[in-house]
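The values are calculated or read from the model by the stated rules, or taken from the named source; none is laboratory data. These numbers come from a predicted model, not from an experiment. Backbone-built Cβ (ideal geometry, glycine too); neighbour counts: all protein chains shown. Note: accessible area is taken over every heavy atom of the protein model, side chains too, but ligands, DNA and RNA are not part of it. Shrake-Rupley method; radii C 1.70, N 1.55, O 1.52, S 1.80 Å.
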Amino acid sequence: MEIVGQLQKQFVDFSTSLNHEGFLDEQYLQLQKLQDESNPDFVCEVVSLFFDDSEKLLNNLATALQQQVVDFKQVDAHVHQFKGSSSSIGAQRVKNMCVAFRNFCEEKNLDGCLRCLQQLKHEYFLVKNKLETLFRLERQIVEAGGTVPVIG
């Protein structure tokens with residue numbers, strides 16, 4: 001059972017670092033509290049939906065910003081949707097990037113929007129990798145016969 005203890009410590013340390021580095025906020029902890037024995041994969045399922053939606057939104061944003069005449073209202077609507085979904089899972093740095101992005105949409109600043117899209121993709125893929133690592137740790141703990149510690 002020593003391996004379970006090590007994995008649990010890794011999980012707690014990694015979760016804590018995600019919070020301290022601003023990748024995840026309080027909302028993610030709230031999601032974790034909704035997960036129980038009756039729905040053990042709740043967080044993973046919600047986050048997987050976020051991943052699917054995010055990839056579509058990033059593609060939509062890239063397409064919208066490549067048009068001859070950019071419809072900044074449409075771009076802003078996509079960014080607003082991305083901001084909402086990232087807020088709902090607690091992806092704080094993604095949400096913050098969306099706030100900056102929306103300011104450039106308001107100003108109809110194409111260069112600013114294109115820069116924000118690159119930064120948004122960067123932040124999104126960073127948090128995606130970190131969450132996938134967290135879920136891998138959770139699976140390892142469960143497979144080793146342990147329980148995933150509750151954070152917060």
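Computed quantities for the displayed model
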{"read-out": "Spacing of the two label points (7 Å from each Cα toward its C-beta) at Glu107 and Cys44, in nm", "value": "4.3"}
{"read-out": "Unsatisfied cross-links (Cα-Cα over 21 Å) in the set Lys73/Lys95; Lys56/Lys128; Lys108/Lys130; Lys56/Lys95; Lys83/Lys121; Lys108/Lys128", "value": "Lys108/Lys130; Lys108/Lys128"}
{"read-out": "Cut-off 12 Å between beta-carbons: net charge of the residues surrounding Ser87, Lys and Arg +1, Asp and Glu -1", "value": "+1"}
{"read-out": "In degrees, nearest ten, helix 110-143 long axis to first principal axis of the chain (Cα)", "value": "10"}
{"read-out": "Structure-derived mean projected area of the Cα convex hull in nm² - corresponding label in [x] 31.9; [y] 8.9; [z] 10.6", "value": "[y]"}
{"read-out": "Per-residue SASA entry for Ile89, accessible area with 1.4 Å probe, Å² rounded to 10", "value": "0"}
{"read-out": "Sites His80 and Ser17, calculated FRET efficiency, Cβ-Cβ separation with R0 25 Å, nearest 0.05", "value": "0.25"}
{"read-out": "Stokes-Einstein diffusion coefficient of the range 5-45, Kirkwood radius over Cα pairs, 37 °C, 0.692 mPa s, in µm²/s", "value": "294"}
{"read-out": "Tilt relative to the chain, helix 92-106 - C-alpha long axis, 0 to 90 degrees, to 10", "value": "10"}
{"read-out": "Separation between Cα centres of the range 75-152 and the range 1-39, rounded to whole Å", "value": "17"}
{"read-out": "Computed FRET value (nearest 0.05) for Val70 with Thr133, which takes r as the C-beta separation and R₀ as 41 Å", "value": "0.70"}
{"read-out": "Scaled radius of gyration (Cα, divided by 2.2 N^0.38 Å) that the range 40-121 gives", "value": "1.10"}
{"read-out": "Surface per residue (accessible, 1.4 Å probe) for the range 1-144, Å²", "value": "56"}
{"read-out": "Computed [θ] at 222 nm, helices only, for the chain once each DSSP H run of length n ≥ 4 contributes -39500 (n - 2.57)", "value": "-27000 deg cm²/dmol"}
{"read-out": "Built amide H within the under 5 Å cut-off of Leu24, gap 5+", "value": "Asn19, Gln92"}
{"read-out": "Packing rank of 28-38, 75-85, where each peptide gets the mean count of other beta carbons within 10 Å, highest leading", "value": "75-85, 28-38"}
{"read-out": "Full-stretch length increase - Leu126, Lys56 - with 0.36 nm per residue and alpha-carbon distance subtracted", "value": "23.5 nm"}
{"read-out": "Rel. contact order, % - alpha carbon contacts under 8 angstrom, at least six apart, the chain", "value": "34"}
